[in-house]
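Written below as structure tokens is the structure these notes are about.
A short reminder: the numbers here are calculations on the coordinates, not readings from a lab. Keep in mind that what you see is a predicted model, and the values were worked out from it rather than measured. With ideal geometry, Cβ positions are generated from the backbone for all residues, glycine too; neighbour counts draw on all protein chains shown.
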Amino acid sequence: MSRPSKGRGGRPAKGGGRWVTVPPERVERWIAGFAARHAAAEPQAEPSPEPQRRVRASAREWGVLLEAPDGAVAECHAPFPPFVPEPGADPVAALVEHVSRERRVGVLLVRLGGYAAGFFVGDVLVDSKVGARLVQGRTAAGGWSQQRFARRREEQAAKAHAAAADAAARVLLPRLPETEAVVLGGDRRAVDALRADRRLAPLFERAVEPFLTVPDPRKAVLVATPADFRALRVRVLDPG
């Protein structure tokens, strides 16, 4: 499953910096570690038990912005935006509560020929439907044979999309009243092909980022998705 790295190196971010992901249970510890690494010593006339200037944290709609005195910045993008802390609340404490909250989430993964629909409470999969349909690969043959093959492939793809849509309708639509968000994944073109099914319009209306780029959506792949959709995504910009 493609995801930003959890290590300090991370994955390069567009526009600069790097992306790292932080599981909900490690968010508070990660922020404390960032603050410890990037705090700057402040000159003191006499010894002080706290000789460091602290990292500044400010709330944004997308999460929390951490600005360190040494110039490092961490953009902590919360899952399931918007992030709306209580007035006067500590941004970091509010972020930890936000990412730790148990949510009811629908997940729909689609690739050409395969699909998985699941409903999660927290990181527990409570209902699902996984399946596959044969869709032949492309051919380099020419003439009428290629045209017949293309028509057959289109028919197979249409049946595969219909099966995926039926699975999403069976598993996710009945739980829509209790669903806080829908996470999409797989292949974007395959997922977009399901938008033509009007039954699924309410699901797409509740779709949130990130889109999960996953391999063939087997049951094991579906079960593992909370590690992605519940994680805090952090864009780290080191001091120049």
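Please list 221-229, 124-132 highest first by mean number of surrounding beta-carbon atoms within 10 Å per residue. Intermediate results must be reported in sequence, preceding the final value.
Working: 221-229: 19.8, 124-132: 15.7.
The densest-packed peptide leads the list: 221-229, 124-132.
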Problem set entry | Added length on full extension, which subtracts the Cα-Cα distance from 0.36 nm per residue, R170 to V84 | 27.7 nm
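Given just the C-alpha atoms of the stretch 164-207, how large is their convex hull per residue in cubic angstrom?
Values: hull volume 2.9 nm³, N = 44.
With only Cα atoms used, the stretch 164-207 gives 65 Å³ per residue.
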